[in-house]
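Structure record follows, encoded as structure tokens.
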Amino acid sequence: MRIDVVSIFPEYLAPLELSLIGKARQDGLLELNVHDLRDFTTDRHRTVDDTPYGGGAGMVMKPEPWAQALAAVAAATPDSAEAGPAAAGSGPAKPVLIVPSPAGERFTQAAAQELAGEDRLVFACGRYEGIDERVMEWAAEHFTVRPMSLGDYVLNGGEVAVLAMVEAIGRLLPGVVGNPESLVEESHSDGLLEYPVYTKPSSWRDRDVPAVLLSGNHGKIAQWRRHEQYRRTAERRPDLLEEFDAAKLPRADRTAFADLGYDVVDGHLSRRADAGGDSA
Ligand code: SAM
């Protein structure tokens with residue numbers, strides 16, 4: 001996969017040289033290029049922002065530096081290197097342009113999985129009040145444009161969002177995480193939160209590891225972990241259970257959900273009206 005990031009603070013992306021993502025880059029599993037938006041300005045002050053039409057607080061990122069930067073990045077795609085940026089929009093494989101924004105679709109594990117299947121991702125880091133909206137319309141000719149939000153809160157710029165998104169996507173690329181099985185049982189991979197984990201010593205400060213984990217009974221351990229996933233998800237993120245496919249749950253798992261106050265109705269979990277507590 002090739003990733004390009006455009007930002008007015010390229011140094012903000014330096015952590016992507018560390019740890020597993022840094023190693024993936026060294027190993028040639030991931031090519032990552034960071035571009036300074038100001039290199040695509042033409043004035044002496046390298047200006048990237050201006051006042052908003054219609055008035056109001058803050059500044060807005062000017063469209064032309066973005067068009068210049070994105071055209072240069074698009075031209076560098078393997079498919080369009082000779083024909084120039086205009087051709088980047090032809091054919092089926094437009095690069096995906098992710099525009100971090102609190103007003104975007106939610107970036108989820110499912111989105112990370114989908115984006116990990118792309119050959120080419122470009123990230124446009126906004127600052128100030130964001131990027132002139134016409135850039136998204138123009139960019140749609142060359143890219144598949146996806147405004148994406150890290151969560152329902154406002155950051156100062158897109159860089160922190162890009163750090164999170166690149167890490168979430170990058171670790172799903174083949175070979176990046178040493179043991180691919182560790183990706184399968186993680187929180188959100190199956191629509192639930194992960195079960196609690198423990199390591200040695202088995203007894204620590206008067207707290208014991210749950211006995212089942214020391215039993216060597218793999219069937220019982222798997223069942224305990226599943227039920228802990230249900231308990232934790234019901235307690236912390238009951239919203240996730242609304243989407244959970246409960247149609248094929250074995251009887252013991254239906255009983256575990258019943259104990260948490262949920263019945264299976266038409267293949268979905270339904271919280272019983274008489275269930276106590278806030279969520280479980
Ligand atoms: N005025 C914008 C709004 O209310 O939607 C917020 C602009 S914010 C101060 C500046 C930049 O930070 C945005 O353009 C975006 O790149 C980034 N940003 C802020 N919150 C974000 C979030 N939750 N997810 C992704 N990017 C975010």
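Throughout, read-outs are computed from the coordinates displayed, never taken from laboratory work. Just so it is clear, the structure is predicted and the values come from calculations on it, not from any experiment. Virtual Cβ from ideal backbone geometry, glycine too; neighbours counted across all protein chains shown.
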task: DSSP loop (so not H, G, I, E, B), at most 16 other Cβ within 10 Å: list which chymotrypsin sites (Phe, Trp or Tyr not before Pro) in region 1-80 pass both filters.
output: Tyr53
- line: In terms of the charge dipole of region 170-221, which places +1 on Lys and Arg and -1 on Asp and Glu at the beta carbon, the residue among Gly216, Leu183, Leu172 farthest towards the positive end is Gly216
- prompt: Where does the chain land at 222 nm, in deg cm²/dmol rounded to the nearest 500, when only DSSP H runs of n ≥ 4 count, each adding -39500 (n - 2.57), divided by all residues?
  reply: -8500 deg cm²/dmol
field: Dipole of the chain, positive direction: furthest Cα of Gly58, Gly267, Thr41, with charges on the beta-carbon
entry: Gly267
statement: TM-like helix rule applied to the chain (DSSP H, alpha carbon span at least 15 Å on the long axis, mean Kyte-Doolittle at least 1.0) gives 158-170
query: Out of residues 5 or more away from Val5 or on other chains, whose amide H comes under 5 Å of its own, with H placed 1.01 Å from N in the peptide plane?
result: Asn33, Val34, His35, Phe123
Lys, Arg +1 and Asp, Glu -1 on Cβ, resulting dipole of the chain about Cα centre, debye, nearest 20: 860
Inter-label distance, nm, simple model (7 Å from Cα along the C-beta direction), Asp39/Lys220: 6.1
message: Quick check: net charge around Pro210, other residues with Cβ under 13 Å of its Cβ, Lys/Arg +1 and Asp/Glu -1?
response: +2
query: Full extension from Ala57 to Ser182: what is 0.36 nm times the residue separation minus their Cα-Cα distance, to one decimal in nm?
result: 40.4 nm
query: At a Förster distance of 45 Å, what's the computed FRET efficiency of Glu167 paired with Trp138, Cβ-Cβ distance as r, to 0.05?
result: 0.95
